[in-house]
Amino acid sequence: MTTIELKKKIQRFSSLKKRSFIKKNNLKAPYELHKQILNFQNFKNSQIVASFISFKTEISLNILNRFLETSKKKICLPAIKNNLHYLVFREFDKKTILKKGKFGILEPDDKSKELLPDFILTPCLAFDKFGYRLGYGGGYYDRTFDKLNDSNHTFTSVAVAFDDQRVNKVVHDKHDKKIDYVLTEKALYEIK
């Protein structure tokens, strides 16, 4: 294990513990997310939005996802297809059948149509003002962003977190991709 990998592991452990505490003491946060996104021009201009189903101590996206369903935009969720090392995004609506994916996270079944989102909400354990997000260590979003960039697909990446998940500096390496924005219950942060 390299020094960076060890530092990431320590930051992940600390961030998971902190997020669990934050969630217990921030029950109104899920209600505030959609208020923050309403005036966001990149969201208004988007046609296909990739969201996710919250897992464990992640900020709940249930209310935001319900809002997205009524927004006249196509909604999709990430899925791991055939053990690929990047994500595909499958259409999601009220009729979508969800199944547990590779890591026990709910995702649309294989019958759901694959879409190419232009607005991607991503989970995270921590974020910083420099645009780095700490994920769970699988690298799926980073490789997906690489794949989309390589195909010249234009998209906006938005990490979704509790405001108190902000740290001074996320441990990162050359494989970690910067995000464009961070959406919290208190603000929408643009990364410059």
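The values are calculated or read from the model by the stated rules, or taken from the named source; none is laboratory data. As the structure is a computational prediction, the values presented were derived from the model and not from experiment. Don't worry about glycine lacking a Cβ; one is built from the backbone with ideal geometry, like all the others, and counts go over all protein chains shown.
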Kindly list the number of the only condition in (1) without any contact (Cβ under 8 Å) to a residue 60 or more places away in the chain; (2) in a loop (DSSP other than H, G, I, E, B); (3) over 15 Å from the mean Cα position of the chain (by Cα) that fails for LYS56.
(3)
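Residues are listed down the side, and each one gets a yes or a no for (1) at pLDDT 90 or above; (2) under 22 Å from ARG133 (Cβ atoms); (3) not in a loop (DSSP other than H, G, I, E, B):
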| position | (1), (2), (3) |
| --- | --- |
| GLN11 | yes, yes, yes |
| LEU16 | no, yes, yes |
| ASN42 | yes, yes, yes |
| ILE75 | yes, yes, yes |
| ASN82 | no, no, no |
Looking only at segment 59-73, filter to residues that are polar (S, T, N, Q), surrounded by 14 or more Cβ atoms within 10 Å (Cβ to Cβ) and assigned to a loop (DSSP other than H, G, I, E, B); which one of those is modelled with the highest pLDDT?
SER60
Does segment 103-160 hold any residues that are more than 18 Å from ILE48 (Cα to Cα) and not in a loop (DSSP other than H, G, I, E, B), and which are they?
LEU106, ALA126, PHE127, ARG133, LEU134, TYR140, ASP142, ARG143, ASP146, ASP150
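Tell me yes or no: at least one residue of segment 120-140 is of a type in the set (S, T, N, Q), in contact (Cβ under 8 Å) with a residue 12 or more places away in the chain and more than 25 Å from LEU38 (Cβ to Cβ). Spell out the reasoning first.
We begin by selecting, within segment 120-140, every residue of a type in the set (S, T, N, Q); these are 122.
Narrowing the set further to residues that are in contact (Cβ under 8 Å) with a residue 12 or more places away in the chain leaves 122.
From the residues that got through so far, the ones that are more than 25 Å from LEU38 (Cβ to Cβ) too are none.
The answer is no, given that none of the residues of segment 120-140 is of a type in the set (S, T, N, Q), in contact (Cβ under 8 Å) with a residue 12 or more places away in the chain and more than 25 Å from LEU38 (Cβ to Cβ).
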Among the residues of segment 84-98 satisfying the criterion of being of a type in the set (A, V, I, L, M) and part of a loop (DSSP other than H, G, I, E, B), which is surrounded by the most Cβ atoms within 10 Å (Cβ to Cβ)?
LEU87
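Would you mind stating whether ASP142 is modelled with pLDDT under 95 and either under 24 Å from ASN65 (Cα atoms) or charged (D, E, K, R) (or both)?
Numbers: modelled with pLDDT under 95: no; either under 24 Å from ASN65 (Cα atoms) or charged (D, E, K, R) (or both): yes.
The answer is no for ASP142.
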Looking only at segment 169-179, count how many residues are surrounded by fewer than 19 Cβ atoms within 10 Å (Cβ to Cβ) and either in contact (Cβ under 8 Å) with a residue 40 or more places away in the chain or assigned to a strand (DSSP E or B) (or both).
3
For segment 90-145, name all the residues that are among the charged types (D, E, K, R) and either within 13 Å of the chain's Cα centre (by Cα) or over 14 Å from LYS74 (Cα atoms) (or both).
LYS99, LYS100, LYS102, GLU107, ASP109, ASP110, LYS111, ASP128, LYS129, ARG133, ASP142, ARG143
